[in-house]
């Protein structure tokens, strides 16, 4: 083959045209443009938030698609092609330094997001996300509106629940500690309220609880459990002060239930996707022993003994 | 006009010097970015330097500024040499240089100010895209007109690759940035994700790769003083890379709900990539076989050889990473970052540096200011990039396997910390190498001092 400029340039253009047809034009016209059932139009504020998200490169650390084999990402819906029809440009993303955000809307109330944008470590102590305080509150508000729209109608549904319960939670908080604690307990199912922490109080368990407390709880509830962590000024209702709880009938089960499921409407998120059962018991025990000042650990119950902690094990004798 | 001053090989010299400057800028930006992941509040609340804005500044600076500028600058020297003529227009070349450099600079400043289209390597906004396209066109015209006035009948394989790179890159850049949509620079939905990666991989495969292969095809026979092994292999490697490398971009998004046929096209193409890569490597290997000592006696030969080794590694890993079963572990985490540094710095960057160190002494007719400094740069880069790659690959495997085991991303962050510190330290070797290279080049060009004996 005689390689002259004409042959090279023409050959390149022919090949490019063929590839362009197969890999760009065909997909462009065959990828479904029918919106999926959850899609709704964005409000102007949400659109503005999306532009801020785009301009600041949020997409380099957050994806917006859930894969069939993902778990622990906070979103329970595998992404569909029709979820993206309104996205110009796409913000699908290629790296995950933070969670996937395709269903982020309504997982947290707005005040949690404010604290998180001012300094992510206020609510997520081990986060590596930058502080976004420099954006100013107007842009942060727009960003939050966009984040709360992620998931479209599913997000709206979650946001409606957040707003509904926020009012109730505020009402309870303003009624004073007695009323607030009563309200919180009333929403824990009875079997959980009566359930003691099934594990013994050991240094091993308290150390684990402390490590988890520092990684997950300290930003709101503070290093001494008084609810005065760095996120406190941004949160309404403010984080619970554990030191008020002595003698109010806090069981291991109540702590476990609320750590597991969070308290919708408040900044308290659910931790069941990040912490396995034993870790939740451990951090509950740490809070009970150090901050509340009383624990029901291994109080006599009517349940079957837990397999690795038999009631009359040498460990129990050692404690005594 | 001083800026458009005409001097023999002035365009090539100015491009190569610009590249060395962009190398310093790009790696410094990358270093600052790395501190964010090791210590997020060390450089805090400075809008211009926040991670999300800095990352595209880093990637675009090293891809276009460092790698692209050095390799196209080498082209400005190689095309006249290989066609036995002089460059068509040094003035046009200088004009292209300024359009090119100002586009890169303004694109990055705008990213820092918060103007981004947020599509990887296509983040620059529309006016910058127009500048880049203009520069590509000016460079192409200059290459073409030079070639049309050639004294040499036969066009060497390097010339083919330089033309292919410019034609393909112009087309990829034009379509990939959706230039007909000035406000958004994109399409809608998953079609846009597909277009963005059609472009994104095009920049790797049809911009950096053919340019680097062109320079390697020139340097290997010249430096090892052996004729090219096979013209037929050159032909096969050339046409197959254009056909096979151009449509594999969708392998970046095979975990999203794009059509299955598109995934099949992308994965098949990715595996077929082994063909052109192996062809080029075999051809060059058989050219230099038995002459590695001669090759390594020359600093440019050293850089090219290392670049080809990185090329082999990155192109064996790449097709495998396109496989869905592999991608379950390697996608969305630091494994990919390790891989991309191997490709951009290890392969294309090393060969770009080889171009600088080979061509500059030839243009100015003096040896390098200090050959030892170029050697130090070489070893700093070899060590820095090897460490960087091992650290990030390890981090990526930890992330990927943890996630696949159901660990939340937040729980894996403390595991990453030590790797991000090590990554920063290995990056310092690379940054140091960039500064040493610029110093050596400036001294060679403007303040050589006592001329040392012997050519490099």
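Against the list (1) over 16 Å from the mean Cα position of the chain (by Cα); (2) within 14 Å of another protein chain (Cβ to nearest Cβ); (3) surrounded by fewer than 24 Cβ atoms within 10 Å (Cβ to Cβ); (4) within 22 Å of residue B:338 (Cβ to Cβ), the condition residue B:46 fails is (4).
Here the condition is being without any contact (Cβ under 8 Å) to a residue 24 or more places away in the chain, within 23 Å of residue B:434 (Cα to Cα) and away from chain A (no Cβ under 14 Å); of B:372, B:366, B:362, it holds for B:372 alone. Within segment A:91-105, the residues that satisfy the criterion of being more than 12 Å from residue B:253 (Cα to Cα) and free of Cβ contacts under 8 Å to residues at least 40 places away in the same chain are A:96, A:97, A:98, A:99, A:100. Here residue A:26 clears all of (1) without any contact (Cβ under 8 Å) to a residue 24 or more places away in the chain; (2) facing another protein chain (nearest Cβ under 7 Å); (3) surrounded by 14 or more Cβ atoms within 10 Å (Cβ to Cβ) except the condition numbered (2).
For the residues A:51, A:121, A:67, the requirement of being assigned to a loop (DSSP other than H, G, I, E, B) and within 11 Å of chain B (Cβ to nearest Cβ) singles out A:67. Within segment A:29-37, is there a residue that is crowded, with 17+ Cβ neighbours inside 10 Å and facing another protein chain (nearest Cβ under 7 Å)? Yes, segment A:29-37 has at least one match.
Results for (1) without any contact (Cβ under 8 Å) to a residue 12 or more places away in the chain; (2) within 14 Å of another protein chain (Cβ to nearest Cβ); (3) surrounded by fewer than 21 Cβ atoms within 10 Å (Cβ to Cβ); (4) out of contact with any helix residue (DSSP H, G or I) (no Cβ under 6 Å at 6 or more places or on another chain), shown as yes or no for each residue.
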{"residue": "B:29", "(1), (2), (3), (4)": "no, yes, no, no"}
{"residue": "B:56", "(1), (2), (3), (4)": "no, yes, no, no"}
{"residue": "B:84", "(1), (2), (3), (4)": "no, no, yes, yes"}
{"residue": "B:105", "(1), (2), (3), (4)": "yes, no, yes, yes"}
{"residue": "B:119", "(1), (2), (3), (4)": "no, yes, no, no"}
{"residue": "B:136", "(1), (2), (3), (4)": "no, yes, no, no"}
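Counted as qualifying within segment A:132-244 are the helices (runs of 4 or more DSSP H) with 2 or more residues that are in contact (Cβ under 8 Å) with a residue 24 or more places away in the chain, assigned by TED's automatic domain parsing to the domain that holds residue A:105 and within 21 Å of the chain's Cα centre (by Cα), namely A:137-149, A:153-174.
Per the listing B:241, B:236, B:222, the residue uniquely within 14 Å of chain A (Cβ to nearest Cβ), over 18 Å from residue B:347 (Cβ atoms) and under 24 Å from the mean Cα position of the chain (by Cα) is B:236. When the residues of segment B:251-264 are filtered to those that are part of a helix (DSSP H, G or I) and at the interface with chain A (Cβ under 7 Å from one of its Cβ atoms), the one that is nearest to residue B:325 (Cα to Cα) is B:252.
The residue that is nearest to residue B:255 (Cα to Cα), counting only those in segment A:113-131 that are touching a residue at least 40 places away in the same chain (Cβ under 8 Å) and surrounded by fewer than 23 Cβ atoms within 10 Å (Cβ to Cβ), is A:129. Evaluating residue B:371 against the criteria (1) farther than 25 Å from residue A:120 by Cβ; (2) at pLDDT 95 or above leaves one unmet condition, (2). With respect to the conditions (1) under 26 Å from residue A:50 (Cβ atoms); (2) away from chain B (no Cβ under 14 Å); (3) touching a helix residue (DSSP H, G or I) at 6+ places or on another chain (Cβ under 9 Å), residue A:182 falls short on a single one, namely (1).
Considering the conditions (1) within 25 Å of residue B:278 (Cβ to Cβ); (2) surrounded by fewer than 24 Cβ atoms within 10 Å (Cβ to Cβ); (3) within 22 Å of the chain's Cα centre (by Cα), residue B:198 is excluded by exactly one of them, (2).
The values are calculated or read from the model by the stated rules, or taken from the named source; none is laboratory data. Since this is a predicted model, take the numbers as computed values, not measurements. Reconstructed Cβ throughout: ideal geometry from the backbone, glycine too, with neighbour counts over all protein chains shown.
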